[in-house]
Amino acid sequence: MSGHLLSIMLAIPAIAAIACLFVSANTARWLALGATLIDLALGISLWAQFDIGGSQWQFVEDAGSLGVFSWKLGIDGFALMLIMLSVFLMPICIGASWSAITKRVPEYMAAFLITEVLMIGTFAAQDLFLFYIFFEAGLIPMYLIIGIWGGVNRIYASYKFFLYTLLGSLLMLIAMLWMVQESGTTDIPTLLNYDFPVQAQTWLWLAFFASFAVKMPMWPVHTWLPDAHVQAPTAGSVILAGVLLKLGGYGFLRFSLPMFPEASAQLVWLVFGLSAVAVIYTSLVALVQSDMKKLIAYSSVAHMAIVTIGLFAFNQQGIEGAMIVMLSHGLVSGALFLCVGVIYDRLHTREIDRYGGLAINMPKYALFFMLFTMASVGLPGTSGFVGEFLSLAGTYKVSTTITLLCTTGIILGAAYMLYLYRRVVFGDLTKDDVRAMPDMSLREIALLAPIAAVVLWMGVYPESFIAPMRGDVQTLVARVARATPPGDSQLKLGKPAPAAAHGAPNTAHEGAH
């Protein structure tokens, strides 16, 4: 069974998706829930069997080549954590859509199940073209989910989402074709250790950057995200914020850094500059939003910028922190969108000014909403704190200036999240329709409680999430050590040491943390 665990995890939602199209609405709901829960159980067994400290690639399956690409799957610690995030959020999304979606339910459930297949496939693919197919095909079901079941401007939002993400990825495909021609292989583990010519690396890095920056999304190519979030149904927003944005971060981690280390070091100023602008600018934009979903969407751009600075810090804390921010953001922003969905189902508006005083008649809701608001702000004891602290600590070793700029974003983050919470939950309960809103149902509590538990678990004991990735982080740091850029922290101390010299001791020192 464990020999083909990844293929089974792909097959179950794929078969269920096809079956959904031939059954009634209610059967489709139960079928989708069953398939996603089975995948969650398989994901837990994947984590339980994962050998921490063992070989880098585990659960490898190679079915030989199928024409241009080969069916080769396998995971390391990074992929394991992101697959766990995907299978954890999927049943919650199905539950969130239970009564909210009433038209074309079988097709809706099928679209979500196909999304799950493509997400797991993207993280598990070990062949370059197989990765590309999964990575790009993920656009299609999401495009349909926004375009068919979305809000009033859904067509505009879905086209914008599709075109932005597709254009970036065409450059990546051209770069992949060149890489295969140059190296003679499409095998990702082999390519991770292949040294491409330095002058070619810059162009390859930029081509991959075009795709991953849009997916993250980084400023200034982030404008599709607020539109997509506002128009998407609640569960669509959860999976978009929870997993699809992580594909960009995973791409940087899997391709840009290890395959093009010299280019990554050479262009680190670009990533740092865009990230610093993103953190401050999108936080200020979030402060003036009147629509709850838009506010959370802009906060996502700011949080993902913390991920990019951590990834390009070229050290262990930075990369571990970036991964924890990705996992934490997936849970917390997903939960915040569910919280918006809860009150949207009752009043059918996302305007912040329409609410107020919910703590009086919806105390359970106020409690959950407070926990996720605090996790988004990065309160110690929640998942948000661990990732942001590690990511900024890693960045501080490289650039004090960028760390200072990005830390202001966390202060602004506290401002807009607490401001949102105050306006929605506190104050006087003056509006009659708001007073009539009932507190959370058992189904809604059942959706948010598991996320709340994991957010606290990650905040109190992050080691269980960092341990599977630690070996992979060390491998990555060792791979990029030769190109590590000297940070302004070192230069200020008058130690413009050669890259390799200050890269090597660092890894040993950081391993002790």
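The values are calculated or read from the model by the stated rules, or taken from the named source; none is laboratory data. Here the structure is a predicted model, which means the values were calculated and not measured. FYI the Cβ positions are ideal-geometry reconstructions off the backbone, even for glycines, and counts take in every protein chain you see. Heavy atoms of the whole protein, side chains included, go into the accessibility calculation; ligands, DNA and RNA do not. Shrake-Rupley method; radii C 1.70, N 1.55, O 1.52, S 1.80 Å.
The C-alpha atoms of the chain define a longest principal axis, and helix 139-149 lies at about 10 degrees to it. Toward the positive end of the charge dipole of segment 215-327, with +1 on the Cβ of Lys and Arg and -1 on the Cβ of Asp and Glu, the farthest Cα among Tyr250, Ile306, Val277 is that of Tyr250. In the chain, taking the dipole from charged Cβ atoms about the Cα centre, the farthest positive-side position among Ser158, Ile133, Thr27 is held by Ser158. The distance between label points at His348 and Lys103 comes to 1.3 nm (points 7 Å beyond Cα on the Cα→Cβ vector). Estimated from the Cβ-Cβ distance and a Förster radius of 22 angstrom, the FRET efficiency linking Ser464 and Leu379 is about 0.65. Among the protein heavy atoms, those of Cys406 account for about 0 Å² of accessible surface (1.4 Å probe, every chain in place). Listed peptides 429-441, 160-172 appear in the order 160-172, 429-441 once ranked by packing, highest mean of other Cβ atoms within 10 Å at the front. Taking the chain as the region of interest, the number of lysine pairs whose Cα atoms are within less than 16 Å, with members eight or more places apart or on different chains, is 5.
When peptides 378-389, 146-157 are sorted by average Cβ neighbour count within 10 Å, with the highest value leading, the order is 378-389, 146-157. Only one of the values (1) 0.96; (2) 1.18; (3) 1.01 was calculated from this structure for Rg/Rh (Cα atoms, Kirkwood Rh); name its label. Only one option fits the structure, namely (1). About its Cα centre, segment 301-456 has a charge dipole of approximately 40 debye under the convention of +1 per Lys or Arg Cβ and -1 per Asp or Glu Cβ, with nothing else charged.
What net charge is computed for the residues neighbouring Glu351, neighbours being all others with C-beta under 12 Å from the C-beta of Glu351, Lys and Arg scored +1, Asp and Glu -1? Overall, the nearby charge balance is +4. Under a 5 Å amide H cut-off, with hydrogens placed 1.01 Å from N, Glu61 pairs with Leu73, Gly74 among residues at least 5 apart or on other chains. Counting only protein heavy atoms and a probe of 1.4 Å, the accessible surface of segment 30-123 is 66% carbon and sulfur. Solvent-accessible area assigned to carbon and sulfur over segment 222-320 amounts to 66 percent, based on a 1.4 Å probe. With everything on Cα atoms, drop me the angle between helix 442-460 and the longest principal axis of the chain, reported from 0 to 90° to the nearest 10. For 442-460 against the chain, the angle is about 30 degrees. A cut-off under 14 angstrom between Cβ atoms defines the neighbours of Ile148, and their net charge, with Lys, Arg +1 and Asp, Glu -1, is +2. When the helices of the chain are scored as -39500 (n - 2.57) per DSSP H run of n ≥ 4 and the total is divided over every residue, the value at 222 nm lands at -23500 deg cm²/dmol.
Angle of helix 128-137 to the longest C-alpha principal axis of the chain, folded into 0 to 90 degrees and rounded to 10: 20°. Rounded to the nearest 20 debye, the dipole size of the chain about its Cα centre is 940 debye, using +1 on the Cβ of Lys and Arg and -1 on the Cβ of Asp and Glu.
Around the Cα centre of segment 74-189, unit charges on the Cβ atoms of Lys, Arg, Asp and Glu (plus for the first two, minus for the last two) sum to a dipole of about 640 debye. Accessible surface calculations at 1.4 Å, restricted to protein heavy atoms, place the chain at 35 Å² per residue. In the chain, taking the dipole from charged Cβ atoms about the Cα centre, the farthest positive-side position among Val214, Leu204, Leu170 is held by Val214.
Given R0 = 35 Å, the distance between the Cβ atoms of Ala449 and Asp291 translates into a calculated FRET efficiency of 0.85. Summary of the geometry: segment 158-190 and segment 362-407, compared by the centres of their Cα atoms, lie 33 Å apart. Placing a label point 7 Å from the Cα of Lys431 along the Cα-to-Cβ direction, the residues of segment 329-353 whose backbone N falls under 11 Å from that point are 344, 347-353.
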